[in-house]
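Remarks on the structure that follows.
Just so it is clear, none of the values below were taken in a lab; they were calculated from the coordinates. Here the structure is a predicted model, which means the values were calculated and not measured. Here the Cβ is made from the backbone with ideal geometry for all residues, glycine too, and neighbour counts use every protein chain on show.
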Amino acid sequence: MPSNEKESICYLQPRTMSQRIAIANDFVRRFKFRIPMLVDDMDNRIENLYSAWPERIYIVDETGRIAYKGGLGPFKFNPGELEKWLAKKFPPQQATLEPEVSGSSKKGDVRGTN
């Protein structure tokens with residue numbers, strides 16, 4: 001894609017878990033992505049379980065359970081509904097400290113799902 005070429009984003013299809021994680025870490029660094037991220041195993045088990053296709057938003061809570069499941073896109077895909085859900089679940093607070101990154105001592109560190 002021209003937009004990817006402009007940003008020098010071009011990868012060979014990863015064949016190992018370490019290659020997948022390296023690509024995800026590159027994304028985190030390039031785009032200063034601050035939300036914890038997991039990388040699916042090479043068998044795409046999580047992708048197949050959730051089938052977020054063609055478009056779907058899931059929120060998985062800290063216990064690993066689905067806390068929010070949006071409708072299938074494009075007709076039932078509703079990011080506004082998610083925004084309302086998040087606002088209700090996490091009311092605005094005044095932050096005085098930078099949030100802690102759990103599970104890692106380095107911000108933006110990406111881990112596999114296994």
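Some values worked out for this structure:
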quantity	calculated
Hz values of 3J(HN,Hα) by residue in the range 27-32 - Karplus curve (6.51, -1.76, 1.60), Gly and Pro given as x	4, 4, 5, 4, 10, 6
Alpha-carbon radius of gyration plus Dmax, which is the widest Cα pair, for the range 1-89 in Å	15.5, 41
Residues whose placed amide H lies under 5 Å from that of VAL39, excluding near-sequence neighbours	ARG111, GLY112, THR113
From phi via Karplus (6.51, -1.76, 1.60), per-residue ³J(HN,Hα) for the range 78-84 in Hz, x at Gly/Pro	9, x, x, 4, 4, 4, 5
Long-range amide H partners of GLU55 with built H, under 5 Å	GLY73
Pair TYR11, ALA67: separation of 7 Å Cα→Cβ label points (nm)	2.6
Potential extension, SER51-GLN93 segment - 0.36 nm per residue separation minus Cα distance	11.8 nm
Extended-chain gain in nm, criterion 0.36 nm per residue less alpha-carbon gap, ASN78 and GLN19	17.9 nm
